[in-house]
Amino acid sequence: MSTLALPSLPAARGRRPLPGFGLSLGLGLAWLSLVVLLPLAALAVRAAGLGLDGWLRAVQDPRVQASLKLSFGAALLAAALASLAGALVAWVLVRYRFPGRRLLDALVDLPFALPTAVAGIALTAIYSANGWMGRWLEPAGLKIAYAPAGIVIALVFIGLPFAVRTVQPVLEALGREQEEAAASLGASRLTTLRRVILPELLPALLTGFSLAFARGLGEYGSVIFIAGNLPYKTEIAPLLITIRLEEYDYNGAIAIAALLLAASFLCLLAINAIPSLFAHERREQRHDA
Amino acid sequence: MKTLLSSFALAFALAAGTASAKDVELLNVSYDPTREFYAEVNTAFAAQWKQQTGETLKIRASHGGSGKQARSVIDGLEADVVTLALAADIDAIASNGKLLPANWQTRLPHQSSPYTSTIVFLVRKGNPKGVRDWGDLVKPGVAVITPNPKTSGGARWNYLAAWAWASQQYRDGGKVVDYLTRLFKNVPVLDTGARGSTTTFVERGIGDVLLAWENEALLTLNDPATRGKFEIVVPSLSIKAEPPVAWVDKNVAKHGTRKQAEAYLRFLYTPEGQRLAAKHGYRPAEPDKVPAAELARFPQVKQVTIDNAFGGWKKTQAEHFADGGFFDRIYQPK
């Protein structure tokens, strides 16, 4: 893919649409600091004010631990499901032409636009015991609303656009030539998928996964309606932050928030490290060959 | 450019001019289910104020969860008056925000609560589970819907009403905690606010009993969409829910609205204010100011108060709802 060098236009050489590298960088960093770094730094500073003692107490509280376990577990599972479903949706949108494709393409972004509380209320209406789906699922022993399953479904819903939109452009750029080449060399469909398509998609898949995961971890609005919010069972960490605030316990809230932030940062770092590990492995394979 | 600037200046002068022409604004920061009630109070009071003083009052109202509203005021929402679900929330504004004196509750009659309510049970038509009193709520197979006392001011009254009944019934601390533990074991969904619980019970059809403020239960009973589907059960003992009101001294001083804010709150104690409260399902603090026919919807209930049964909100808040309090103990895994 990268072997095809674009012819550089003479007018573009040495001229950038934005004035001065220094100015652009300065403004860019200033904006980033103002919008992202400053609030996060404020959180870190306030969390540091708690001292190790306050931190440890927050970490060791069994209810906090239960909610963190639930939040991380549900967000990971939901991100995985959203990645699977998202890749499939992206594939269908890129590779097939059918009536209503444009509409479907536009629909994908809807969870972005919808206030998440609305999504939560709608999902609860569908999956609760007297809802469209709940009335069939619940007698069959599948409890979704007011159970962890409901949390996962809400998180898949809000995470899906990330998974689709990160994979879609890569699939579009991939083209069919490589698949045709693989087929002409006698590769089966499965081998083509595994050896040709998946490696190209993997970085995009992982990006979508980590975005959906991060979004799911902090999600509040859509989850609290469907979760049931029972302590130790279906209480997510963001709700526990809200509960601490309702107790006017700003420090307690910040302790959990900082914990969530640190843990999710580590998770994202780990997820983002996977593609480079993978690329390294592939380079070695190529050397072997 | 010059014309643009001058037109801006003109618009600004106009806006300032109209504002100075005796146009006063009041912001009432209230809790969730008072929306319709205060909409009527605001119109009525503004009309009366105009007649008495010639001043045009614009009253804006903000509604939300009581605790959340209190926090907004602490964090800088410039409320002239607050009308919240419980005194603890205004206490928090006094202690955390230092926006009004600690003795605010003594400034208006009836501990600054012009209307009250009580906690009742809303059950499905015909009361299929035969729920008569608090003791029935812990029976196996009875699902109880109540919001989380941690996130909902209203839910604290529910919890305390159950506690009050259990302490009279068992007269033993351990048994009371045990009763509440069993009660909350029967709660399948813990919504974050009272309106959420009502939705869970009424729209989703979850649960057999909804613990609700009487005014909310009356609202559901009279709603054309749900009429005939529910009935109210009045327990043998309940709590007097006292949603208090106060002007916020720092903010009214800043806005120069002290006079208007105080008159607005005192209006709630007039026959008209009391009648509006009764109309919206609240029990008037001074029932003799309201025609007897309009009081008929409120049955006699034996009620304890937060002061005589629990020793006031400060103590209750710390003992029951703070981190590590009784409510946390109820949810401790065994």
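The values are calculated or read from the model by the stated rules, or taken from the named source; none is laboratory data. None of these values were measured; they are calculated from a predicted model. Every residue, glycine among them, receives a Cβ derived from its backbone with ideal geometry; neighbour counts consider all protein chains shown. Areas reflect the complete protein model, heavy atoms only, side chains present, ligands, DNA and RNA absent. Shrake-Rupley method; radii C 1.70, N 1.55, O 1.52, S 1.80 Å.
The figures follow:
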quantity	calculated
Gain on full stretching of the segment that runs from residue A:220 to residue A:24 - 0.36 nm per residue minus C-alpha separation	67.0 nm
Span-like helix ranges in chain A, DSSP H, alpha carbon extent 24 angstrom or more, Kyte mean at least -0.5	A:38-60, A:62-95, A:148-174, A:198-218, A:250-288
Dipole of region B:92-170, positive direction: furthest Cα of B:164, B:104, B:138, with charges on the beta-carbon	B:138
Residue-averaged [θ]222 nm for the protein assembly as shown, counting only DSSP H segments that reach four residues, each worth -39500 (n - 2.57)	-18000 deg cm²/dmol
Computed label-point distance, nm, for sites residue A:44 and residue B:305 using a 7 Å Cα→Cβ extension	5.3
Whole-number D in µm²/s for region B:215-289 (Stokes-Einstein; Kirkwood sum over Cα pairs; 25 °C, 0.890 mPa s)	163
Sparsely packed trypsin sites (Lys or Arg not before Pro) within region A:141-246, loop by DSSP, other Cβ within 10 Å at most 15	A:176
Per-residue mean of C-beta atoms belonging to partner chains within 10 Å, peptide A:239-251	5
Amide N of region A:198-215 lying under 13 Å from the label point, which is placed 7 angstrom from the Cα of residue A:37 along Cα→Cβ	none
Set of lysines with alpha-carbon distance to residue B:254 below 16 Å, sequence-local pairs under 8 removed	B:98
When the protein assembly as shown is reduced to its Cα atoms, the Kirkwood hydrodynamic radius in Å	28.3
Directionally averaged shadow of chain B, computed from the convex hull of its alpha-carbon atoms, nm²	20.7
Kirkwood-Stokes translational diffusion coefficient of region A:59-288, alpha-carbon pairs, 37 °C, 0.692 mPa s, µm²/s	169
Separation in nanometres of the label points that stand 7 Å from Cα toward Cβ, at residue A:189 and residue A:88	1.5
Low-density loop positions, chymotrypsin sites (Phe, Trp or Tyr not before Pro), region A:130-182 - DSSP coil, at most 16 other Cβ in 10 Å	A:132
Theoretical FRET efficiency, 1/(1+(r/R0)^6), r = Cβ-Cβ of residue B:314 and residue B:55, R0 30 Å, to 0.05	0.20
FRET efficiency, 1/(1 + (r/R0)^6) with R0 56 Å, evaluated for residue A:200 and residue A:55 via beta carbons	0.85
Inter-label distance, nm, simple model (7 Å from Cα along the C-beta direction), residue B:47/residue B:295	2.5
Carbon and sulfur %, accessible surface of the protein assembly as shown computed with the full protein complex present, 1.4 Å	63
